[in-house]
Amino acid sequence: MALEDDIALFEQVPFLAVLGKQALRILAIGAETKTLSSGAVLFYAGELADGGYVVQEGSLLLQPATLTEGKEVIAGPGTLIGELALLTDMVCPVTAIAKEPTVMIRISRSLFRKMLEGYPDAALKLRDIVAERV
């Protein structure tokens, strides 16, 4: 997809949309596209996470490590997986499996942090969102 298409996709994700178009442009330029075939595992529960993924096409099944840790969830286009991993070190709480051929945009934590350094207003907006959730 084209750069403008990636930015438009990011604008549909509430966590990212508040950052503004210029910050999203930086993310779109530095992000990488990852394609999975049906049944392929993106990551396993318990692995270290180093960024987030926005589902562009297809869908992922998100399975908790155990049944007592929650229900399975389907993540479709426009879903951000791993938003906290964009900000801090953490382990993946779920295993992500492609339910069908799936295309994602991967945003590394280092890219996300560099973008926040360059766009302090975006960082403040994001801080407010995270604080509101807590």
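With N denoting the number of residues in segment 3-134, provide Rg(C-alpha) divided by 2.2 N^0.38 Å, to two decimal places.
1.03
I'd like the accessible area for T88, computed on protein heavy atoms only with a 1.4 Å probe and all protein chains in place. Round to 10 Å², please.
70 Å²
Kindly write out, for segment 8-17 in residue order, the coupling ³J(HN,Hα) from the Karplus curve 6.51 cos²θ - 1.76 cosθ + 1.60 (θ = phi - 60°), rounded to whole Hz, with x marking Gly and Pro.
Karplus values, whole Hz, x for Gly and Pro: 4, 5, 4, 5, 7, 8, x, 5, 8, 4.
Modelled label-to-label distance, L87 and V134, 7 Å Cα→beta-carbon offset: nm?
With each label placed 7 Å out from Cα toward Cβ, I get 0.7 nm.
Output ³J(HN,Hα) for segment 107-113: one whole-Hz value per residue in order, computed from phi by the Karplus curve 6.51 cos²θ - 1.76 cosθ + 1.60 with θ = phi - 60°, and x for Gly and Pro.
Running phi through 6.51 cos²θ - 1.76 cosθ + 1.60 with θ = phi - 60° gives 10, 6, 4, 5, 5, 4, 5 Hz.
Non-local amide H neighbours of F43 (under 5 Å, H modeled in plane, Pro and chain starts lacking H): which ones?
The answer is A96.
Rounding to the nearest 10 and keeping the result within 0 to 90°, find how far the Cα-based axis of helix 120-133 lies from the longest principal axis of the chain.
Tilt of helix 120-133: around 40 degrees.
Would you mind checking the tilt of helix 21-30 against the longest principal axis of the Cα atoms of the chain, expressed as 0 to 90 degrees and rounded to 10?
In the chain, helix 21-30 runs at an angle near 50 degrees to the longest axis.
Contour minus end-to-end for K125 and S110, with contour as 0.36 nm per residue of separation and end-to-end as the Cα-Cα distance?
Numbers: separation 15, 0.36 × 15 = 5.40 nm, distance 1.88 nm.
Stretched fully, the K125-S110 segment lengthens by 3.5 nm.
If I build a Gaussian network model for the chain, linking alpha-carbon pairs within less than 10 angstrom, which residue out of E100, E83, E117 has the largest mean-square fluctuation?
Comparing E100, E83, E117 in the GNM, the peak value goes to E117.
Under a 5 Å amide H to amide H cut-off, with H placed in plane at 1.01 Å, what residues pair with T79 once short-range neighbours are removed?
Correct list: V55.
Let me make sure I get this right: for segment 34-108, a, b and c are the square roots of the gyration tensor eigenvalues over alpha carbons, sorted descending. Under 1.5 in a/c it's rounded, otherwise prolate if a/b > b/c, else oblate. Which is it? Kindly include the intermediate steps, with their values, before the conclusion.
On the way: a/c = 1.74, a/b = 1.11, b/c = 1.56.
Oblate, because a/c is 1.5 or more while a/b does not exceed b/c.
Could you tell me what a quarter of the Cα convex hull surface of segment 1-76 works out to, in nm² with one decimal place? Numbers along the way, then the final one.
Numbers: hull surface 23.7 nm².
Its average projected convex-hull area is 5.9 nm².
HN-Hα J couplings of segment 88-99 from phi, Karplus 6.51/-1.76/1.60, θ = phi - 60°, integer Hz, Gly and Pro as x?
8, 5, 6, 9, 5, x, 9, 9, 10, 10, 5, 7
The values are calculated or read from the model by the stated rules, or taken from the named source; none is laboratory data. Since the structure is predicted, the reported quantities are computational estimates derived from the model, not experimental observations. When we count neighbours, we look across all protein chains shown, and the Cβ atoms used for this are built from the backbone with ideal geometry, even at glycine. For accessibility, only protein heavy atoms count, side chains too; no ligands or nucleic acids. Shrake-Rupley method; radii C 1.70, N 1.55, O 1.52, S 1.80 Å.
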